[in-house]
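The values are calculated or read from the model by the stated rules, or taken from the named source; none is laboratory data. Computed from a prediction, not measured in an experiment: that's the story for all the values here. Every residue, glycine among them, receives a Cβ derived from its backbone with ideal geometry; neighbour counts consider all protein chains shown.
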C-alpha cells in the first residue's frame, strides 16, 4: 500500500497516453504536462507501470491524454492493463469523437467505463469550444458507450463563464434522461494564460447549493470528498471543485503518470516529477521502479492545505 506523509492512501492512478488530440479545446490543461513533447510510452511500458502500481495496492486506473483514442494501439493498451489483476476500475477519459467505433472492442478487452468530455449540447457552442463541428459524433459515442455497457458513463462539463454556464440545467436533464452521471468541473489555471483563466472561471458554489436544494438524496464519495446529488429526474450530479479546496486535497487518493513517462504527484505542481521512463529504458529492475513510486508518493503534498 502506498501512503504519503499526510496519511493519504494512493489507490488510483491516471496514466496519460499521449499529448496528441484531434480537438483544440482552449481550456485543456493537458494533464499538467509541461515538458516538450519528445517521447511517448509504448504498450509494454504502460502496462509495466500499471503492473508495478497494482503490486503497490493501486486498484483504479484511468487512461487519459490528450485524446487517448487517437493511439492506434489503444485496444492493445487496455487489454494489457486489464490482464494485470482484479482491478476495481479501468476507465478512459475521452472527447468521444472516436469512441462509437471502438466502444464494443474496448468493452470486450476489459474497459469498464468512460468519462466523455461534453462542454455543450449546442452545436455552435460545442464548435466554439473544441474547434470542431463534432457534437453529433460525440453524442453518438455517448449512446454507444451506454449500449455496450461502459457504465457508468460520466459526462465532464467544464464550466466556462459566458459560454456554457447557462446550460447546467439542460445538462442535468439530459444526463438524467439517458442515464449518465454529470460532472460539473471547475476550471483550473493549468497551462493557461492567467487573464484567460480569470475571464473564463466560474465559481461553482452557487450551482452546488442549487443542486443541494433540489436533490432528493445526497451522498459523499471518498475521492476528494465529492458530494453526489441525486435529482428528481434520476440524474446523478457531482461538482468537482478543486480550487482553494482543502477538503478536495485532503481526500485525494490519486497519482499521475505523464505521457512522457514521469510520475506526477500533483496535477497543480510541476516541480516534483520523478522520471520513471528513462530508468525503464535503461533496464531498471522492478525493485528500482517500486522505489521510484514510493519516492514520488512521499513527495505528495496537499496543494491547498
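In region 19-36, the qualifying residues are those that are in contact (Cβ under 8 Å) with a residue 40 or more places away in the chain and within 24 Å of residue 299 (Cα to Cα), and the one that is nearest to the chain's Cα centre (by Cα) is 31. When you look at residue 188, is it within 16 Å of residue 211 (Cβ to Cβ) and in contact (Cβ under 8 Å) with a residue 60 or more places away in the chain, yes or no? The answer is no for residue 188.
Just need a number here: residues in region 134-164 that are farther than 18 Å from residue 92 by Cβ and surrounded by fewer than 16 Cβ atoms within 10 Å (Cβ to Cβ). Outline the logic, then answer.
Within region 134-164, the subset farther than 18 Å from residue 92 by Cβ is 135-136, 159-164.
Among the residues that remain, those that are also surrounded by fewer than 16 Cβ atoms within 10 Å (Cβ to Cβ) are: 136, 161-162.
Number of matching residues: 3.
Find the residue count for region 173-209, including only residues that are touching a helix residue (DSSP H, G or I) at 6+ places or on another chain (Cβ under 8 Å) and within 16 Å of residue 236 (Cα to Cα). Count: 7. The set of residues in region 218-245 that are at pLDDT below 90, surrounded by fewer than 18 Cβ atoms within 10 Å (Cβ to Cβ) and outside any loop (DSSP other than H, G, I, E, B) comprises 220, 223, 225.
For region 110-120, filtering for residues that are surrounded by 17 or more Cβ atoms within 10 Å (Cβ to Cβ) and either touching a helix residue (DSSP H, G or I) at 6+ places or on another chain (Cβ under 7 Å) or farther than 17 Å from residue 142 by Cβ (or both) leaves 6. A residue that is in a strand (DSSP E or B) and at pLDDT 95 or above occurs somewhere in region 194-217. For region 173-193, the tally of residues that are buried (at least 18 other Cβ atoms within 10 Å of the Cβ), modelled with pLDDT under 95 and either part of a helix (DSSP H, G or I) or over 21 Å from the mean Cα position of the chain (by Cα) (or both) stands at 0.
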